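What follows is a set of notes on a single structure, which appears directly below.
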């Protein structure tokens, strides 16, 4: 017995699911590299936390940026009074994303020599890329 024709709706649904899976596998993934002038951190951001801040328009265009901010360390190690120092290129919103990353950082209360870190300024640089 010869099989009947494949219904067009079945073919369209299968093709749509296949294209969707292909698009998800080839979509760029955000990556953020962190560098800082301070060595004593209690907490650095997880990659997923920084990836969640990646500007969608930049991800869509596979654009990246280099940013830097300076922040003051509070008594509990959290960062305050953060200011953007650098954003190259100045589009897509990477500067805003950099400032929004500050709560994910926490300094130790004392440096290795025992000096309190409260009140110190720290510079944090981020390299944003879509891979």
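Per the listing 63, 58, 102, 130, the residue uniquely without any contact (Cβ under 8 Å) to a residue 60 or more places away in the chain, under 19 Å from residue 33 (Cα atoms) and surrounded by 16 or more Cβ atoms within 10 Å (Cβ to Cβ) is 102. For the range 66-90, the set of residues classified as loosely packed, with under 15 Cβ neighbours inside 10 Å, in contact (Cβ under 8 Å) with a residue 12 or more places away in the chain and more than 29 Å from residue 110 (Cβ to Cβ) consists of 88, 89, listed by residue number.
Hey, can you tell me all the residues within the range 43-55 that are within 21 Å of residue 90 (Cβ to Cβ) and either in a helix (DSSP H, G or I) or free of Cβ contacts under 8 Å to residues at least 24 places away in the same chain (or both)? Matches in the range 43-55: 50 only. Within the range 67-79, restricting attention to residues that are in contact with a helix residue (DSSP H, G or I) (Cβ under 8 Å, 6 or more places away or on another chain) and either at pLDDT below 95 or in a strand (DSSP E or B) (or both), which residue is farthest from residue 115 (Cα to Cα)? Of everything passing the filter in the range 67-79, 67 is farthest from residue 115 (Cα to Cα).
The values are calculated or read from the model by the stated rules, or taken from the named source; none is laboratory data. No experiment lies behind these values; they were computed from the predicted model shown. We place every Cβ from the backbone using ideal geometry, glycine too, and count neighbours over all the protein chains shown.
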